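Comments concern the structure below.
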Amino acid sequence: MQRHSCQPRDDWRKKVEGVGLTYHSHSAGPYWDESACYELTAPEVDTLEGAANTLHFLCIDAAEAVIKNNWWARLGIPPAAIGSILGSWERDDFSLYGRFDLSYDGITPPKLLEYNADTPTALVEAAVAQWFWLQDTRPEADQFNSIHERLIEAWKRWKGKTVHFSGVKQNAEDEMTVLYLRDTCEQAGVETRPCFIEDMGWDSRLKRFVDLDLRQIEYCFKLYPWEWLWHEQFGAHLAEEKVRFIEPAWKMLLSNKGLLPVLWELFPGHPNLLPAFNLAGPLAGSYIRKPKLSREGNNVSWIEGGVLVEETGGDYGEEGFVYQAPAALPDFGGQHPIFGVWMIDHDAGGLGIREDTSRITGNLSRFVPHFFQHPA
């Protein structure tokens, strides 16, 4: 594994906007950063792919344990959500995608940091923007990236149905992701309709969810966390199962960092897991404290030898925290990469790398493209 300094394409902003990456910069600088790239080896790509596939099914086993043992409180699951989770689990409701965040140095096995299994972002940059960067800069190389094709293939089972696509208003990054996924759905030959979360309503007369045109919402992709849906005005009706949501309610178990101690309890010493507990004590004063439910690295504290060395702000933590052993993050001249492996329809399909001078990856951490060479 190597990190290279690169000369950005002269018109890189226009190029990434042309392929749908409209959120490429912020007030602190570029978010999409092609002044650097990572070169992996083919065996390293295979290792990341294998680790993600293994972890996905370990997480499903852990979710099953939560259900069988009624460990809802361990994950801070509200009682109102339990029926929906059980219903979607028993039906094996369709799961489109998720993203594992892994630490990996190319030597020791990849370690699970967390599973963004409900509302993962950084998709357009991973699926499309870095692929076109590769074609422009290293057409002879390859990339761990079949995300786009796999998304289209996964959507094909929805032919004959109408899928609503929903996110929040006035959020550039989320809107970009929703539009991209809607496009992949339409490329699969499926009819789609837009409906912001704020515009989703409950028709009390017909007892069904509707959009602004009063069309029934039967199937809905939502880039909106399940734990927030229950607090919406229509939240009381979610348990009536009038809508098949993508991602389904059972993904609440996989996207919850409360699952990390469950995983370690079920699979202690697994090479792709870090020790994780519900209390800090077993980690002897060096640990990462994470909210069970949070986004973009908010409210994370890094403790070493009992001393706080890094932390992020935010409004999460109401459901409680978990404590995870620190990962040995790679250091490339002060830059720490995190490897985001994308799961599409239960199978690893691509990689996105984000880096930061902080060891806690946050909302402003940069996305850096990657490539690899096949052995001669």
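The values are calculated or read from the model by the stated rules, or taken from the named source; none is laboratory data. The shown structure was predicted, so the numbers you read here are calculated from the model rather than taken from an experiment. Counting neighbours? That spans all protein chains shown, and the Cβs are built from the backbone with ideal geometry, glycine included.
Might you let me know whether segment 198-214 holds any residue that is surrounded by 18 or more Cβ atoms within 10 Å (Cβ to Cβ), closer than 18 Å to LYS156 by Cα, in contact with a strand residue (DSSP E or B) (Cβ under 7 Å, 6 or more places away or on another chain) and in contact (Cβ under 8 Å) with a residue 12 or more places away in the chain?
Scanning segment 198-214 turns up no residue that is surrounded by 18 or more Cβ atoms within 10 Å (Cβ to Cβ), closer than 18 Å to LYS156 by Cα, in contact with a strand residue (DSSP E or B) (Cβ under 7 Å, 6 or more places away or on another chain) and in contact (Cβ under 8 Å) with a residue 12 or more places away in the chain.
Quick test of your reading of the structure: ILE344 fulfils all but one of (1) in the same structural domain as LYS111 (by TED's automatic domain parsing); (2) free of Cβ contacts under 8 Å to residues at least 12 places away in the same chain. Name the failing condition by number.
Only one criterion in (1) in the same structural domain as LYS111 (by TED's automatic domain parsing); (2) free of Cβ contacts under 8 Å to residues at least 12 places away in the same chain is unmet by ILE344, namely (2).
Considering segment 333-360 alone, what residues qualify as being in a loop (DSSP other than H, G, I, E, B), under 25 Å from TRP226 (Cα atoms) and of a type outside the set (Asp, Glu)? Before you say what the answer is, go through the steps one by one.
Here is the first cut: in segment 333-360, the ones in a loop (DSSP other than H, G, I, E, B) are 333-334, 345-346, 357-360.
Those still in the list that are under 25 Å from TRP226 (Cα atoms) too: 345-346, 360.
Selection gives HIS346, ILE360.
How many residues does segment 97-118 hold that are in a loop (DSSP other than H, G, I, E, B), crowded, with 21+ Cβ neighbours inside 10 Å and not small (Gly, Ala, Ser)? Outline the logic, then answer.
Initial filter on segment 97-118 (in a loop (DSSP other than H, G, I, E, B)): 104-110, 117-118.
Now restrict to residues that are crowded, with 21+ Cβ neighbours inside 10 Å: 104, 110, 117-118.
The next check asks that each one be not small (Gly, Ala, Ser); those that pass are 104, 110, 118.
Total satisfying the criteria: 3.
Is it the case that some residue within segment 49-72 is assigned to a loop (DSSP other than H, G, I, E, B), surrounded by fewer than 20 Cβ atoms within 10 Å (Cβ to Cβ) and in contact with a Gly (Cβ under 7 Å, 6 or more places away or on another chain)?
From segment 49-72, those assigned to a loop (DSSP other than H, G, I, E, B) are 70-71; that's our starting set.
With the extra rule that they be surrounded by fewer than 20 Cβ atoms within 10 Å (Cβ to Cβ), the set shrinks to 70-71.
Retained after the next criterion (residues that are in contact with a Gly (Cβ under 7 Å, 6 or more places away or on another chain)): none.
No; the residues of segment 49-72 include none that is assigned to a loop (DSSP other than H, G, I, E, B), surrounded by fewer than 20 Cβ atoms within 10 Å (Cβ to Cβ) and in contact with a Gly (Cβ under 7 Å, 6 or more places away or on another chain).
Enumerate the pairs (first residue in segment 163-190 and closer than 21 Å to LEU212 by Cα; second residue anywhere and surrounded by 20 or more Cβ atoms within 10 Å (Cβ to Cβ) and small (Gly, Ala, Ser)) with beta-carbon separation below 7 Å, excluding pairs fewer than 6 apart on the same chain, so at least 6 apart or on different chains.
Matching pairs, first to second residue: ASP174/GLY167; GLU175/GLY167; VAL178/GLY167.
Name the single residue that is surrounded by the most Cβ atoms within 10 Å (Cβ to Cβ) among those in segment 119-143 being outside any helix (DSSP H, G or I) and out of contact with any Phe, Trp or Tyr (no Cβ under 7 Å at 6 or more places or on another chain).
Quick first cut of segment 119-143, residues outside any helix (DSSP H, G or I) only: 119-122, 138-143.
Next, only the ones that are out of contact with any Phe, Trp or Tyr (no Cβ under 7 Å at 6 or more places or on another chain) stay: 121, 139-140.
Numbers: THR121: 20, PRO139: 7, GLU140: 8.
Going through the qualifying residues, I end up with THR121.
Based on what the data block shows, is PRO109 of a type outside the set (Asp, Glu) and farther than 19 Å from PRO369 by Cβ?
On the way: of a type outside the set (Asp, Glu): yes; farther than 19 Å from PRO369 by Cβ: yes.
Yes; evaluated as a whole, the condition is true for this residue.
Under 8 Å between Cβ atoms, which residue pairs at least 6 apart in sequence (or on different chains) link something in segment 2-24 that is within 21 Å of GLU39 (Cα to Cα) with a partner that is hydroxyl-bearing (Ser, Thr, Tyr) and buried (at least 16 other Cβ atoms within 10 Å of the Cβ)?
Listed by first residue and then by second, the contacts come to GLN2/TYR38; ARG3/TYR38; HIS4/TYR38; CYS6/THR137; ARG9/THR137.
Looking at TYR287 and the list (1) closer than 18 Å to LEU329 by Cβ; (2) under 20 Å from the mean Cα position of the chain (by Cα); (3) surrounded by 20 or more Cβ atoms within 10 Å (Cβ to Cβ), which single condition is not satisfied?
Result: TYR287 fails condition (2) only.
List, please: which pairs have Cβ atoms under 6 Å, are six or more places apart or on different chains, and start with a residue in segment 267-283 that is farther than 19 Å from PHE100 by Cα and end with one that is of a type in the set (A, V, I, L, M) and surrounded by 11 or more Cβ atoms within 10 Å (Cβ to Cβ)?
That search, which allows pairs on different chains as well, returns LEU283/ALA325.
Regarding PRO330, is this residue part of a loop (DSSP other than H, G, I, E, B), touching a residue at least 60 places away in the same chain (Cβ under 8 Å) and not hydroxyl-bearing (Ser, Thr, Tyr)? Outline the logic, then answer.
Values: part of a loop (DSSP other than H, G, I, E, B): yes; touching a residue at least 60 places away in the same chain (Cβ under 8 Å): yes; not hydroxyl-bearing (Ser, Thr, Tyr): yes.
So PRO330 passes the test.
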